[in-house]
Amino acid sequence: MAWLILVLAGFFESVWAIALGESHGFHRCIPTLIFAVALPVSMVGLAAAMNSLPTATAYAVWVGIGASLTALWGIATGAEPASLARVALLALLVGSVVGLKLVS
């Protein structure tokens, strides 16, 4: 159950990071509201997962999921370039997150 919570928390980390960028310094209402909801949901999920998982593992997985989803969103929306190297490195990041699950 802790792993499911951690994956969801990582998803919400990506949501708040994207919303933060879209808020343009908290000047846009809807992205700011999304940020304000997603941030505590992500943190509470991370904290809950850390009750059962080692801190370093939980944090690395949370960051890895959030960073990879945020980068993929940027590529999908055209905000960031999609190069072979970028996609390969994101695949390595996702593989590392999966690897942490497998060795835990």
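One table, with the values for the structure above:
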| item | result |
| --- | --- |
| Single condition residue 52 does not satisfy, out of (1) at pLDDT 95 or above; (2) touching a helix residue (DSSP H, G or I) at 6+ places or on another chain (Cβ under 7 Å); (3) surrounded by fewer than 15 Cβ atoms within 10 Å (Cβ to Cβ); (4) not in a loop (DSSP other than H, G, I, E, B) | (4) |
| Some residue of segment 28-49 being surrounded by fewer than 20 Cβ atoms within 10 Å (Cβ to Cβ) and on the phi > 0 side of the Ramachandran plot | no |
| Any hit, segment 69-81, residues being under 22 Å from residue 104 (Cβ atoms) and either touching a Gly at 6+ places or on another chain (Cβ under 7 Å) or in a helix (DSSP H, G or I) (or both) | yes |
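The values are calculated or read from the model by the stated rules, or taken from the named source; none is laboratory data. Just so it is clear, the model here is predicted, and its values are computed rather than measured. Using ideal geometry, Cβ is built from the backbone for each residue, glycine included, and neighbour counts are taken over all protein chains shown.
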